[in-house]
Amino acid sequence: MTDARNPDVTIDSRDASCPGPLMDLIGKVKGLDAGTVVELQTTERNSTTDVPEWLEEAGHDLVDIEERDEYWSIYLEVN
Amino acid sequence: MHRIAIVGGGTGGTVLANRLASELRTEIEAGEVEVRLITAGPYHVYRLSRPSASGLDPEAVHKPTFLYVPFGKKTVDDAKRPIEELIDRRVTLTIEEVTGVDTERNRLSFADRTTSLHYDQLVLATGANLEPEAVPGLAEGGHHFYGPDGAERLRDELADFTEGHLVLSVVGVPHMCPAAPVEFPLMVDDWLRERGRREDVEITYTYPINRAHGLESVADWATDLFDERDVSLETFFNVGEVDPDAELIETVEGNELEYDLLVATPPHRGSDLVTDAGLGEDGWADVDRHTLEATAAEDVYAIGDVADVPTSKAGSVAHYEAGVVADRIASRARGETPTATYDGKTACFLEAGMDEATFIEFTYGEEPYVREPSKPLHWAKLGYNESYWLTARGVL
């Protein structure tokens with residue numbers, strides 16, 4: 001597994017409003033290989049619950065959620 | 001002369017052109033300012049229907065009307081007007097396809113001529129475009145009501161649909177007419193009941209995230225009505241593929257759903273002009289959400305569906321944005337500092353059936369409150385649709 005702090009792909013969805021960040025993630029994940037580590041950056045608190053729910057539904061792994069100064073970083077691994 | 005160019009003859013483009021013609025009428029008549037609206041024929045980039053039989057007269061299209069075509073309440077002709085009828089005489093109308101924007105030299109290039117056009121201020125109002133081909137099998141297996149051909153085809157299909165599983169699936173977000181997917185199952189439920197067919201038809205609505213709509217209050221409202229009217233709801237439903245032969249939808253999440261009639265809100269994309277000009281990825285123009293100025297170029301704005309702002313792709317947004325950008329452009333044309341800003345104001349009617357509607361309005365960061373549906377609000381929506389052509393002229 002790639003170190004979560006050095007993701008393979010970063011999705012910058014800061015300033016997108018809900019459900020933008022989750023939709024950005026879903027759109028991007030479709031084209032990624034298994035094992036890819038993704039960081040989703042979001043200013044929406046909802047993403048910290050919506051995204052884990054969707055990951056579980058879609059069968060991907062939540063790696064970590066980090067709260068930064070002005071946004072959250074959600075790390076996941078594509079299955 | 002100060003040259004203002006507007007690319008795209010949809011809601012945003014026409015309202016903006018007319019507002020500018022009014023605000024700058026003195027300067028235009030003095031020959032100091034030119035307002036030019038550039039719009040093309042039946043190209044995928046633009047929100048125009050096909051030219052009329054004569055091959056001339058491109059027509060403006062009022063897309064919300066298409067929601068009513070499948071139910072026989074409107075015809076596609078109700079959604080069209082010759083664009084020349086809508087445009088103030090002080091606006092220079094150019095019927096040509098723009099093929100490129102050079103934001104460093106402030107020039108537009110065209111499909112049918114070698115000369116380019118200089119602009120002092122440019123507004124992109126090129127709208128959103130359907131992209132069903134982004135999902136394998138969707139174009140072949142699904143219907144939609146977002147354009148004249150799709151709406152008429154769906155009308156014919158519904159007329160003969162007496163039993164089976166009808167699915168309304170939102171296959172992509174963002175999409176234009178944000179309330180329309182929620183409205184459709186409620187309208188078709190009512191329409192089928194009126195015809196005594198409802199008991200033999202199962203209706204399912206699907207949405208990509210964990211609720212029925214991006215806006216939570218609309219999701220709550222719709223979910224209650226779906227429960228009440230026996231419309232099934234499937235969430236976290238991201239269509240990966242459609243098998244038209246098997247009449248089967250397969251999702252990214254690994255689920256399958258059979259259908260007899262699939263009505264989709266197809267994936268949408270922005271404008272190749274935007275991508276090629278370096279103004280935004282995926283064809284949506286990156287703009288300052290308050291001034292609507294492009295972030296990657298000077299002297300460029302974007303309004304309407306093509307603008308990447310954190311609110312809905314609704315006609316009302318294009319309308320309000322056009323008002324703000326008209327003020328800003330007029331100020332600059334006069335050598336003044338622009339002050340007008342856009343607060344994200346969005347207004348939407350929502351049909352709750354064939355004769356009841358409700359209404360929401362909100363600004364950036366606000367969650368709208370959904371009022372109880374009523375007949376007066378339904379008639380208000382129909383009234384607005386009828387008066388839309390006055391809106392496009394900038395009168396309302």
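The values are calculated or read from the model by the stated rules, or taken from the named source; none is laboratory data. As the structure is a computational prediction, the values presented were derived from the model and not from experiment. Don't worry about glycine lacking a Cβ; one is built from the backbone with ideal geometry, like all the others, and counts go over all protein chains shown. The accessibility values were calculated without ligands, DNA or RNA, using every heavy atom of the protein model including side chains. Shrake-Rupley method; radii C 1.70, N 1.55, O 1.52, S 1.80 Å.
Taking a ≥ b ≥ c as the square roots of the eigenvalues of the Cα gyration tensor, segment B:171-258 is classed as oblate, since a/c reaches at least 1.5 and a/b does not exceed b/c.
Take the protein assembly as shown with all the other protein chains still there, run a 1.4 Å probe, and you get 41 Å² of accessible area per residue. Could you please report the charge total around residue A:38, scoring K, R as +1 and D, E as -1 over all other residues with beta-carbon less than 9 angstrom from its beta-carbon? My count for the surroundings of residue A:38 gives -2. Shape class of the protein assembly as shown from the alpha-carbon gyration tensor: oblate, with a/c at 1.5 or above and b/c at least as large as a/b. Here the 3J(HN,Hα) profile of segment B:60-72, calculated from phi with Karplus coefficients 6.51, -1.76 and 1.60 at θ = phi - 60°, is 6, 10, 9, 5, x, 4, 5, 4, 8, 5, x, 9, x Hz, Gly and Pro shown as x. Of the accessible area of segment B:318-368, computed with a 1.4 Å probe over protein heavy atoms only, carbon and sulfur atoms account for 42 percent.
Among the aspartates and glutamates, which have Cα under 12 Å from the Cα of residue B:375 when same-chain residues fewer than 8 positions away are ignored? Those aspartates and glutamates meeting the cut-off are B:351, B:355, B:356. Taking a Cβ cut-off of under 14 Å around residue B:298, the surrounding Lys, Arg, Asp and Glu residues balance to a net charge of -3, with basic ones at +1 and acidic ones at -1.
Beta bridges from DSSP with both residues in the protein assembly as shown: antiparallel share about 50 percent, rounded to the nearest 5. Placing +1 on each Lys and Arg Cβ and -1 on each Asp and Glu Cβ, with no other charges, gives the protein assembly as shown a dipole about its Cα centre of roughly 2480 debye. Using a simple charge model, +1 on the beta-carbon of Lys and Arg, -1 on the beta-carbon of Asp and Glu, nothing else, what dipole does segment B:133-228 show about its Cα centre, in debye to the nearest 20? My answer is approximately 180 debye.
Between the listed residues B:1, B:201, B:235, the Cα displaced farthest toward the positive end of the dipole of the protein assembly as shown, a dipole computed from Cβ unit charges relative to the Cα centre, is found at B:1.
Using the Karplus relation 6.51 cos²θ - 1.76 cosθ + 1.60 with θ = phi - 60°, the per-residue 3J(HN,Hα) values for segment B:223-234 come to 4, 4, 5, 4, 4, 4, 10, 6, 9, 6, 10, 10 Hz, with x marking Gly and Pro. Of all DSSP beta bridges confined to chain B, the antiparallel ones make up roughly 45%.
Between residue B:258 and residue B:104, the modelled labels are 5.9 nm apart [label points 7 Å from Cα along Cα→Cβ]. Normalising the average separation of contacting C-alpha pairs (under 8 angstrom, six or more residues apart) by the number of residues puts the relative contact order of chain B at 18 percent. Please give the total accessible area that chains B and A bury against each other, computed with a 1.4 Å probe and expressed in Å² to the nearest 100. Adding both sides of the contact gives about 1300 Å². Figure legend: label point modelled 7 angstrom from the Cα of residue A:64 along Cα→Cβ; residues of segment A:29-48 with amide N under 16 Å from it are A:37-42. Among the listed pairs B:74/B:381; A:30/B:63; A:30/B:313; B:80/B:345, those with a Cα-Cα distance over 19 Å are A:30/B:63; A:30/B:313; B:80/B:345. Along segment B:318-334 the Karplus relation, 6.51 cos²θ - 1.76 cosθ + 1.60 evaluated at θ = phi - 60°, assigns HN-Hα couplings of 4, 5, 5, 4, 4, x, 5, 5, 4, 4, 5, 5, 4, 4, 5, 4, 8 Hz to successive residues, with x for each Gly and Pro. Neighbours of residue B:335, meaning other residues whose beta-carbon lies under 14 angstrom from its beta-carbon, give a summed charge of -1 when Lys and Arg score +1 and Asp and Glu score -1. The fraction of accessible area contributed by carbon and sulfur in segment B:71-123 is 38 percent, rounded to a whole number (1.4 Å probe; ligands and nucleic acids excluded).
For segment B:264-353, GluC sites (Glu not before Pro) are listed when DSSP marks them as loop and at most 12 other Cβ atoms sit within 10 Å of their Cβ; the list is B:298, B:336.
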